[in-house]
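Only one structure is covered here, and it is reproduced in the block below.
Read the figures in this text as sums done on the coordinates, not as results from a lab. What you see is a predicted model; the values in this text were computed from it and never measured. All Cβ positions, even for glycine, are placed from backbone atoms using ideal geometry, and neighbour counts span all protein chains on display.
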Amino acid sequence: MILAPKSRYNGLTAPMNKFTKKDLEYLAGLSRIRLEETEEANLLVDLQNILSYVAELSEVNTEGVAPMNGGTLLTDVLRDDEARKGTLQGHGADAFPVSHQNQMEIPPVLNK
């Protein structure tokens, strides 16, 4: 059984799937969010379902299963960064009517 950490407001630990309205109000206060009654009811059901599923997963036998990080064995398919000679930096500056210290000013597109 997974236990929730001790909380400051009641000092008790409870099974995670027994998430109460008081727990939700405490978390909402920590998060500084205001919940309407209907939101509280829906969120409470959702959180209870999530925590019940986590408790169910904790019962799965994972002995002999190698830990994973990232969830995939795929590797990056992008090319390696390489220094290149002859970039086009500075080309096209003559197409801009106004420039300041190698920065080109773009004329307004939309009228106010």
Going through region 66-112 in order, the residues found to be on the phi < 0 side of the Ramachandran plot, among the small types (Gly, Ala, Ser) and in a loop (DSSP other than H, G, I, E, B) are 66, 83
Within region 56-97, the residues that are within 30 Å of residue 19 (Cβ to Cβ) and either β-branched (Val, Ile, Thr) or in contact with a strand residue (DSSP E or B) (Cβ under 7 Å, 6 or more places away or on another chain) (or both) are 60, 62, 65
Selection from region 29-75 of residues free of Cβ contacts under 8 Å to residues at least 12 places away in the same chain and small (Gly, Ala, Ser) yields 29, 31, 41, 64, 66, 70, 71
